[in-house]
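Have a look at the structure below before the remarks.
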Amino acid sequence: MRRHELMIRQLKAKDLPSVLSVAASSFKEEARRPEVIGPGFIDDITRFPSLQIGAFDGGLMVGFAIGELAEDWGVLDWIAVTPSHQRMGIGSELLKQFERRISLSGRQRVRLGTPFALDFYVKMGYTCVGTQRVLQKTVVGNDEPFDNAFSMTLNDLVDMLEDFELDSIKCFFSSSCVAVGRRDVGAVLATENRWSKDEIDVVFSKYEGVESHFLLLSQLEAKARQRGAYVITEKFDEAEVGLALKKGWEESRSPLAWTTYYMEKRLRARFRAIAMTAEDAANVDSAKKKPLKP
Ligand SMILES: CC(C)(COP(=O)(O)OP(=O)(O)OC[C@H]1O[C@@H](n2cnc3c(N)ncnc32)[C@H](O)[C@@H]1OP(=O)(O)O)[C@@H](O)C(=O)NCCC(=O)NCCS
């Protein structure tokens, strides 16, 4: 594409349908779903208007970058270019403009999590600072019984979680969810895999410490067995992976559960830091509480 045909501008709420359409055609992960990307975009555009940008080819949106500010860094929540326009330099251009906006807010670091575009970010000067591995467990042959103390309704879960955590799981609530937990240990929420009823994927977990994590997972296994599911997938921090492998977890072969790479880039202080807009400044505190979106 010739450069002059591409226009990059700040997004407005009315661009939502185009954002949903680009996301649906380019993402493989949950962000392709309107119920994930839609509220995420509205949340980000309301709190950090200057960090939402779109690339347009003759008036048609062909890509976007959506992000937020934390106290000392900027977070790129999502970037996508529609498949017909990929590998033409649009993603790089969006990312450069996003970084410039982060610099202008006085921050010198950008962070993000990505399952599929590791090499794109490496080319753009990012380094991998952590990995969250997705492993799977086959529950056949494990006969630990389900302890009823770990029975959990979605209402119990709602009582245990902070508002921002509830926001992040809202889109997963459905009758096919499996919630397992105990107030003093934590909770995990898994959903039936869309294509294979034999598989349940952990979509949210909250616990303090490795022991609690594995206790919850052993109860989830028992619950899965009761339901007839026999493969569970879950994300593990690098520090937990060794123990998980010893406990029978193995590399995920599910096409729907991916390892996430956390990337970071230090920006050169090329731009004179200017004050944030009042809107952006007011929202930094709430952004700090949010986990990185992969
Ligand atoms: C990742 C993405 C935004 C890149 O946009 P793009 O417009 O295709 O990227 P560019 O054309 O600017 O490519 C820049 C460089 O990164 C490389 N690259 C682009 N996408 C890549 C990918 N998915 N994996 C590995 N390398 C990639 C290109 O080859 C190019 O390198 P080159 O200059 O040596 O040829 C786009 O491919 C996309 O939307 N992918 C699907 C959604 C996604 O994975 N988003 C990121 C999730 S966080």
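General remarks:
- Filter result for PHE150 (more than 16 Å from the ligand (Cβ to nearest atom) and open to solvent by less than 60 Å² (accessible area, probe 1.4 Å)): yes
- Among the residues making up the range 91-120, a single one is crowded, with 20+ Cβ neighbours inside 10 Å, hydrophobic (A, V, I, L, M, F, W, C) and near the ligand (Cβ under 7 Å from one of its atoms): LEU112.
- Residue count, the range 183-203 (criterion: open to solvent by 40 Å² or more (accessible area, probe 1.4 Å) and modelled with pLDDT of 90 or more): 2
- Residues in the range 39-64 that are assigned to a helix (DSSP H, G or I) and either within 13 Å of the ligand (Cβ to nearest atom) or open to solvent by 10 Å² or more (accessible area, probe 1.4 Å) (or both): 9 in all.
Okay, residues lined up against (1) under 21 Å from PRO145 (Cβ atoms); (2) open to solvent by less than 20 Å² (accessible area, probe 1.4 Å); (3) in contact (Cβ under 8 Å) with a residue 60 or more places away in the chain; (4) not assigned by TED's automatic domain parsing to the domain that holds THR138:
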residue: GLY181; (1), (2), (3), (4): yes, yes, no, no
residue: SER205; (1), (2), (3), (4): no, no, no, no
residue: VAL210; (1), (2), (3), (4): no, no, no, no
residue: ARG227; (1), (2), (3), (4): yes, no, no, no
residue: GLU238; (1), (2), (3), (4): no, no, yes, no
residue: ALA244; (1), (2), (3), (4): no, yes, yes, no
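The values are calculated or read from the model by the stated rules, or taken from the named source; none is laboratory data. These numbers come from a predicted model, not from an experiment. Quick reminder, even Gly has a Cβ in these numbers, built from the backbone with ideal geometry, and neighbours come from all protein chains shown. Note: areas computed on protein heavy atoms with side chains; ligands, DNA, RNA excluded. Shrake-Rupley method; radii C 1.70, N 1.55, O 1.52, S 1.80 Å.
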